[in-house]
Amino acid sequence: PYSERVWKTTTAYALYCLALAGKPETSFQEKLFAEKDSLSLLGKTLLLKALHHGNGAADAQKTIIQDLFNKIKISGSSLAHFEDDEGFEGRWIYSTSLRTTAVILQSLIETKTQTPMLDGIARWLTARRKAKRWMSTQDNLHYFHALSEYYLRFEKTEPDFIAEAFLKDQSI
């Protein structure tokens, strides 16, 4: 049931995993970059991460970053996000705008991209959390991963709170 676009997103993810493992597939990265206009935002983001960790061409990385920022949505309150563009077939890989925005934020931080938009993206994610729930565990995972990376890189104030988790009414 996967569309070609979803397969390309999955391929970009595989290339990222290989690059992280120290086995980048440069020729496949270059081939996918040549097809970048047919990639979704999530696919482009995963390819950016593959190029970054696989020492891919700096120009290719800059091009992808510019492509991402060409799709950013900014509201009057300086909140910024990205609309998921996987299409209906993206349901097979749990695509949502929240997940796409979170992955892009985390990726921009991971690749050390300098932009004032990071604050607006983080604020959009935080504002969306007020809904109290997400549609999937994927949303939760990427939300917390992105904001954790954001906190580690930008927040200087040490948190002053205590968190407690319970399992069957027992504090763990």
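Do we find that ARG153 is closer than 26 Å to LYS49 by Cβ and at pLDDT below 85 in this structure? Against the criterion (closer than 26 Å to LYS49 by Cβ and at pLDDT below 85), ARG153 does not qualify. Checking each residue in the stretch 47-64 for being touching a residue at least 60 places away in the same chain (Cβ under 8 Å) and of a type in the set (A, V, I, L, M) picks out only LEU48. Here the condition is being assigned to a helix (DSSP H, G or I), at pLDDT below 80 and open to solvent by 70 Å² or more (accessible area, probe 1.4 Å); of ARG133, ARG123, ARG128, it holds for ARG128 alone.
Residues that are acidic (Asp, Glu) and either at pLDDT 95 or above or out of contact with any Ser or Thr (no Cβ under 8 Å at 6 or more places or on another chain) (or both) within the stretch 2-32 comprise GLU25, GLU30, listed in sequence order.
For the stretch 12-29, a residue qualifies if it is touching a residue at least 24 places away in the same chain (Cβ under 8 Å) and open to solvent by 60 Å² or more (accessible area, probe 1.4 Å), and the qualifying residues are TYR13, LEU18, LEU20, GLU25, THR26. Filtering the stretch 97-116 to residues that are part of a helix (DSSP H, G or I) and surrounded by fewer than 19 Cβ atoms within 10 Å (Cβ to Cβ) leaves SER97, GLU110.
The values are calculated or read from the model by the stated rules, or taken from the named source; none is laboratory data. Only a predicted model underlies this, so the values are computations on that prediction, with no experimental measurement involved. Neighbour counts are summed over all protein chains in view; Cβ atoms, including those assigned to glycine, are modelled from backbone coordinates with ideal geometry. Areas reflect the complete protein model, heavy atoms only, side chains present, ligands, DNA and RNA absent. Shrake-Rupley method; radii C 1.70, N 1.55, O 1.52, S 1.80 Å.
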